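The values are calculated or read from the model by the stated rules, or taken from the named source; none is laboratory data. Computed from a predicted structure; not experimentally measured. Please note: Cβ atoms are built from the backbone with ideal geometry, for glycine as well, and neighbour counts cover all protein chains shown. Note: areas computed on protein heavy atoms with side chains; ligands, DNA, RNA excluded. Shrake-Rupley method; radii C 1.70, N 1.55, O 1.52, S 1.80 Å.
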Amino acid sequence: MFKGSAISVKMLDGGIAEMNFDLQGESVNKFNTQTVLELEEALGLLDAADDVKGLLLTSSKGVFLVGADITEFVPLFGKSDGGGVGSHLAKNHDNFNLLEDLDFPTCIAINGYAMGGGLELALACDFRIMSTAAKVGLPETKLGIIPGWGGTVRLPRVAGADTAIDWICSGKEQRPDVALKAGVVDGVVAPENLREAALAVLQDAIDGKMDYEARRDQKTEPLKLNETEAMMVFETSKAFVAGMAGPNYPAPIVAIECMQQAARKYRDDAIAIERAGFEKVASTSVAESLVGLFLSDQLIGKKAKGWEKKADKKVERAAVLGAGIMGGGIAYQSAYKGTPIKMKDINQAGLDLGLSEANKLLSKQVNRGRMTVEKMGQVLASIDPTLSYDNFDGVDIVVEAVVENPKVKHAVLADVEKHVTDDTVIASNTSTISITYLAEALERPENFCGMHFFNPVHAMPLVEVIRGEKTSDTAIARTVAYANAMGKKAIVVNDCPGFLVNRVLFPYFAGFMGLLKDGADFQQVDKVMERFGWPMGPAYLMDVVGMDTGHHAEAVMAEGFPDRMTKTYKTAGDVMFENDRYGQKNGKGFYVYELDKRGKPKKVVSQESYDLLAPETAELKEFDKDEIIARMMVPMATELARCLEEGIVGSASEADMALVYGVGFPPFRGGVFRWIDSIGIDKFVAMCDQYKHLGKLYEATDAMREMAANGTKYYT
Ligand code: NAD
């Protein structure tokens, strides 16, 4: 009946037509322009046909449909009127309305992921049958936008306002059992029974045993809530969602407002409200940033998969040296994600600590009902604590996570190399020490690279995989494959002290030290930077990292980049370190830490810190917030630009993702390079010039000046 490159329609027995989605040349179905146009054409034919009694919608791919092709929207986001995004959306609105208004019943067989526009298509059908292997959801608010093809209209009418608010504002993917319970789908069946079940439902509707027209009425009429009920549902959830999302993420609230304003409207008016809401959020820089991050995330995922394909073997067994904070975390994460791991330390107390940490994390999962006790037992059993190198010849990778001391690391690396096979990859979790330098201890430096996790390992998504001068592609590929298996986001970077993330984090701390020296109050700086969007301000962050760790790393960084990272005065960090105020780990740093009711450290302001700092700093004074932001961000941004220009990192996207995933740089700003783009590189360079008296970290690079002169951006 119809054959396109994304959609085909054929007639089955009994007057049933089947519309099949199978976008040629792509691994997934999505609503790109081609699919939208073909849907229009195919529906036009079905609408005109007089021999069709029912329509079945299916997919030939593993996923049903992942939603809109977001790359087509990107040029429209961040523009004052949403870039005319409304008219871009209009055609598929017409399609879905036509689908909903056909003269015969429709049923969709959801075999795999139906996200965003995929679920909105399903909601426009009369009946939805879902495979146990499928997932559904409306993830748009995670991208700073709202559902744009009727999701805010049909979901509350199908499943109720509470479910719609929850699904749309969380953006989470939903399991089949949850979707069934919420009434979003009509049935859940095993994959092999899906087609048959969907056809049976359709036949019942054709035979008049199921009232498909009543379902249409429900979707096209106002919500069945009286005014008080509507007020209760929408107003209370607005307050709750605003608290969860925070002031920098407006999309979830806009979605609720759309649903609220449309509650008493019929379909077409309700859709017009949604479209206006979409235009509003699409015009924000938040949408532009979050969509940009989404695309960057896809890029790093693709690169990591590419490395995995090149790996000569899968990591079946791993080992970690050192059972401390990091070694214990690495062992847990490896075992939890299914790769058995040996955990070696030089003393039993270390091993006990590493195991008890793993135990604590697993117990939490069990207590929250996310894991069975049996599974917990299995995970623990796949961590093999040891004080010897016995059986190290059976591991595919060893991650070294002993103390951050080059001499100790050299000795440990040389030692472990004698106990593994010629092709075992050895990776160091060092935070700062050059991989090329550490490799000097090894007979087979080609098998060696960096594998830098972030603390706490189970929670932080990033792993920097670092290529030393002699590192082979084989070593990188196996290490990235292992990071993928551990559920981490791997970014491959070239070697230098501090690699990418710590190399730019220390200049940020240097900016902080300078501010304190000039009389800024660390609490004010924390507040301003938290308002800027950082999950914690720099004083709090230094307390979490640990003043001893920071102090040590600073020295490595200064040796690596003496022209701009050498200290020229006694810093607030030095004062803390010298007074044994190491931060959270010993209960006092800039702040002091008390345990709250749940046993978590809670920061409290300490006058003692101010007294200790006073002799080394100017008299306390209030700083302008823009000055604080500039003095904190410029050193980080110029150093990041140097990393990009020197090829330490492959692209602006990877650099931005590394900071979001490694240190929680505010996602709504899309990363440091996006932040520079958003203020304009000419303005950024002017900011550098304004503070150039503060030292070389405040100097814009020549390439940045050139970009400013040419009006170019990091993201085009
Ligand atoms: P830690 O002090 O908590 O643990 C180090 C462990 O190594 C101790 O249990 C110690 O007994 C053990 N050890 C010492 N010598 C050993 C040897 N010869 N063989 C086996 N084990 C030995 O340290 P940590 O914070 O886990 O840091 C470990 C590494 O990870 C360092 O290189 C550090 O820079 C890096 N790192 C730390 C963090 C962090 O935030 N803590 C983050 C990223 C990377």
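Applying the selection to the stretch 10-38, what residues are in contact with a strand residue (DSSP E or B) (Cβ under 6 Å, 6 or more places away or on another chain) and either buried (at least 16 other Cβ atoms within 10 Å of the Cβ) or not in a loop (DSSP other than H, G, I, E, B) (or both)?
Once the filter is applied, which keeps residues that are in contact with a strand residue (DSSP E or B) (Cβ under 6 Å, 6 or more places away or on another chain) and either buried (at least 16 other Cβ atoms within 10 Å of the Cβ) or not in a loop (DSSP other than H, G, I, E, B) (or both), the stretch 10-38 yields LYS10, MET11, ILE16, ALA17, GLU18, MET19, ASN20, PHE21, ASN29, PHE31, GLU38.
Looking at (1) within 21 Å of GLU627 (Cα to Cα); (2) in contact with a His (Cβ under 9 Å, 6 or more places away or on another chain), find the lone condition where PHE522 falls short.
Against the list (1) within 21 Å of GLU627 (Cα to Cα); (2) in contact with a His (Cβ under 9 Å, 6 or more places away or on another chain), PHE522 comes up short only on (2).
Tell me which residues, restricted to the stretch 121-148, are closer than 18 Å to ASN32 by Cβ and open to solvent by 10 Å² or more (accessible area, probe 1.4 Å).
Answer for the stretch 121-148, where residues must be closer than 18 Å to ASN32 by Cβ and open to solvent by 10 Å² or more (accessible area, probe 1.4 Å): PRO139, GLU140, LEU143.
Collect the residues in the stretch 418-444 that are assigned to a helix (DSSP H, G or I) and open to solvent by less than 20 Å² (accessible area, probe 1.4 Å), keeping them in residue-number order. Please lay out each step first, then the result.
Start the filter on the stretch 418-444 by keeping residues that are assigned to a helix (DSSP H, G or I), which leaves 435-441.
Scanning the stretch 418-444 gives ILE435, LEU438, ALA439.
What's the number of the only condition in (1) open to solvent by less than 60 Å² (accessible area, probe 1.4 Å); (2) of a type in the set (Val, Ile, Thr); (3) in the same structural domain as ASP162 (by TED's automatic domain parsing) that ILE300 fails to meet?
So ILE300 meets the others, but not (3).
Out of everything in the stretch 398-408 that is crowded, with 21+ Cβ neighbours inside 10 Å and not small (Gly, Ala, Ser), what residue ends up being farthest from GLY327 (Cα to Cα)? Walk me through how you get there before you give the answer.
From the stretch 398-408, those crowded, with 21+ Cβ neighbours inside 10 Å are 398-402; that's our starting set.
Checking which are not small (Gly, Ala, Ser) leaves us with 398-400, 402.
Working: VAL398: 11, VAL399: 8, GLU400: 8, VAL402: 8 Å.
Ranking the candidates gives VAL398 first.
Being open to solvent by less than 10 Å² (accessible area, probe 1.4 Å) and of a type in the set (Ser, Thr, Tyr) is the filter here; which residues of the stretch 633-686 pass it?
THR638
Can you name the residue in the stretch 316-338 that is open to solvent by 10 Å² or more (accessible area, probe 1.4 Å) and away from the ligand (no atom under 16 Å from the Cβ) and is also nearest to MET376 (Cα to Cα) among such residues?
TYR336
Is it the case that the stretch 100-120 has a residue that's out of contact with any strand residue (DSSP E or B) (no Cβ under 7 Å at 6 or more places or on another chain), assigned to a helix (DSSP H, G or I) and either modelled with pLDDT under 95 or open to solvent by 10 Å² or more (accessible area, probe 1.4 Å) (or both)?
Taking every residue of the stretch 100-120 in turn, at least one turns out to be out of contact with any strand residue (DSSP E or B) (no Cβ under 7 Å at 6 or more places or on another chain), assigned to a helix (DSSP H, G or I) and either modelled with pLDDT under 95 or open to solvent by 10 Å² or more (accessible area, probe 1.4 Å) (or both).
I'd like the full set of residues that are assigned to a helix (DSSP H, G or I) and of a type in the set (Asp, Glu), limited to the stretch 59-99.
Selection gives GLU72, ASP94.
Checking ASN455 against (1) within 16 Å of the ligand (Cβ to nearest atom); (2) in a loop (DSSP other than H, G, I, E, B); (3) buried (at least 23 other Cβ atoms within 10 Å of the Cβ), which test does it fail?
Here ASN455 meets the rest and fails (3).
Where the second residue is surrounded by fewer than 17 Cβ atoms within 10 Å (Cβ to Cβ) and the first is without any contact (Cβ under 8 Å) to a residue 24 or more places away in the chain and lies in the stretch 670-695, which pairs have Cβ atoms under 6 Å and are six or more apart or on separate chains?
VAL685/ARG705
Quick one: count up the residues across the stretch 574-632 that are under 15 Å from ASP526 (Cα atoms), open to solvent by 70 Å² or more (accessible area, probe 1.4 Å) and in a helix (DSSP H, G or I).
Residues meeting the conditions: 2.
Could you tell me whether the stretch 356-366 includes any residue that is surrounded by 11 or more Cβ atoms within 10 Å (Cβ to Cβ), within 12 Å of the ligand (Cβ to nearest atom) and at pLDDT 90 or above?
No, the stretch 356-366 contains no residue that is surrounded by 11 or more Cβ atoms within 10 Å (Cβ to Cβ), within 12 Å of the ligand (Cβ to nearest atom) and at pLDDT 90 or above.
For a quick check of your reading of the model, give me the residue pairs whose first member lies in the stretch 421-436 and is free of Cβ contacts under 8 Å to residues at least 60 places away in the same chain and under 13 Å from ALA318 (Cα atoms), whose second is in a loop (DSSP other than H, G, I, E, B) and open to solvent by less than 10 Å² (accessible area, probe 1.4 Å), with beta-carbon atoms closer than 8 Å and at least 6 apart or on different chains.
Close Cβ pairs (under 8 Å, with a partner that is in a loop (DSSP other than H, G, I, E, B) and open to solvent by less than 10 Å² (accessible area, probe 1.4 Å)) amount to THR424/VAL395.
Taking the stretch 128-156 only, how many residues are among the acidic types (Asp, Glu) and modelled with pLDDT under 95?
Number satisfying all stated conditions: 0.
Checking ASP415 against (1) within 13 Å of the ligand (Cβ to nearest atom); (2) open to solvent by 10 Å² or more (accessible area, probe 1.4 Å); (3) free of Cβ contacts under 8 Å to residues at least 40 places away in the same chain; (4) outside any helix (DSSP H, G or I): exactly one of these is not met. Which one?
Failing condition for ASP415: (4).
So which of ILE145, ILE168 ends up being in contact (Cβ under 8 Å) with a residue 12 or more places away in the chain, under 29 Å from the mean Cα position of the chain (by Cα) and farther than 27 Å from ALA109 by Cβ?
Going through ILE145, ILE168 in turn, the sole match is ILE145.
Only one of these conditions is not met by GLU469: (1) within 15 Å of the ligand (Cβ to nearest atom); (2) surrounded by fewer than 16 Cβ atoms within 10 Å (Cβ to Cβ); (3) at pLDDT 95 or above. Which number is it?
Looking at each condition in turn, GLU469 falls short on (1).
Take the stretch 275-333 and flag every residue that is outside any helix (DSSP H, G or I), under 30 Å from LYS364 (Cβ atoms) and of a type in the set (A, V, I, L, M, F, W, C).
VAL315, ALA318, ALA319, VAL320, LEU321, ALA323
For a quick check of your reading of the model, give me the residue pairs whose first member lies in the stretch 111-138 and is of a type in the set (Lys, Arg), whose second is open to solvent by less than 10 Å² (accessible area, probe 1.4 Å), with beta-carbon atoms closer than 8 Å and at least 6 apart or on different chains.
Listed by first residue and then by second, the contacts come to ARG128/CYS107; ARG128/ILE108; ARG128/ILE110; ARG128/ALA122; ARG128/VAL184; ARG128/VAL185; LYS135/GLY112; LYS135/ALA114.
For the stretch 274-308, give me each residue that is charged (D, E, K, R) and free of Cβ contacts under 8 Å to residues at least 24 places away in the same chain.
LYS302
For the stretch 244-253, which residues satisfy the criterion of being open to solvent by 10 Å² or more (accessible area, probe 1.4 Å) and among the hydrophobic types (A, V, I, L, M, F, W, C)?
MET244, ALA245, ILE253
Identify, by number, the condition in (1) crowded, with 21+ Cβ neighbours inside 10 Å; (2) within 19 Å of ALA459 (Cα to Cα) that VAL395 doesn't meet.
(2)
Restricting the search to the stretch 339-350, which residues are buried (at least 18 other Cβ atoms within 10 Å of the Cβ) and within 18 Å of VAL408 (Cβ to Cβ)?
MET343, LYS344, ASP345, GLY350
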